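These notes are about the structure you will find just below.
Every number in this text was worked out from the coordinates using simple rules, so none of it is lab data. Fair warning: this is a prediction, and the values are worked out from it, not measured in the lab. Neighbour counts are summed over all protein chains in view; Cβ atoms, including those assigned to glycine, are modelled from backbone coordinates with ideal geometry.
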Amino acid sequence: MTSRFLTDVTRLFWPLTILLVSLAIAPGTIASAADQAALKERLLLQTEPAGAQTPTAAKAGLSTTPQAVVIAGRIDAKGMDPFVKGKASFAMLQLPDDHAKKPGHNSDDCPFCKKRLAKAPLVAVQFVDEDGKEIPHDARELFGVAKGQEVVVKGMATFNPKLALPIIQLQADGIYIRQHD
C-alpha cells in the first residue's frame, strides 16, 4: 500500500515540480534573451559610420580626456585571444594598407606590413551599459563576430602615452561589421 501511494503521489506531483522549476528558470532566461536582443538592436549599426580612422590616426588626436571617435580595424590581439569571455569586449588591430590588397600578398609575411602594424596601437573595445558597467554578454554571441573580422566601432576613446604599450581605450556605443564578397 505504501509503495503504491508513493507511486501515485510521485506521478501526481512530478509534473507540478517540473512546472515550478521551469517557471523559476524561464523568466531569467527570457529576460536575458530579450536583453541581448535589445542590446544588439541598439549597438549593431546597419550602415558604416562616416569618418572611420585607423588606430594610428585616431591615436594622434587622442589624449587622456575622452573624445568621440570612429575607428576601423580587425578583431585580433597580436597572437592572443582578442575576446573577453562573457563580456562585450574585444581587442582590435589596424588593417593592412592598400598595398596589402594585391593578389598573393600576405601581410603576415610582408616586412613592410609587419613593421607598420607593429607600431600601430591596440584598441581595447569595451561596450558598456547606461551605468558605465561592462555589458555581461560575450561579443561573439551578441554581435556574431569572430577573430579576424573587419569592424568599424564608434564611441568615446582615450589614449595615455605614458603606458608601456600603445593602447587606445574605447568605450563603444556602436559597431558595424564589414561584409566582404
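At a glance:
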item: Cα→Cβ-extended label distance, 7 Å offset, between residue 106 and residue 178, nm; result: 2.1
item: Neighbour-limited loop hits for GluC sites (Glu not before Pro), segment 90-181 (at most 14 other Cβ within 10 Å; DSSP other than H, G, I, E, B); result: 130
item: Mean shadow area of segment 55-177, taken as a quarter of the surface of its Cα convex hull (nm²); result: 8.0
item: Per-pair calculated FRET efficiency, R0 = 41 Å: residue 50 and residue 78 via Cβ, rounded to 0.05; result: 0.90
item: Sparse-neighbourhood loop sites, trypsin sites (Lys or Arg not before Pro) in segment 62-151 - DSSP loop, at most 13 other Cβ within 10 angstrom; result: 78, 85, 133
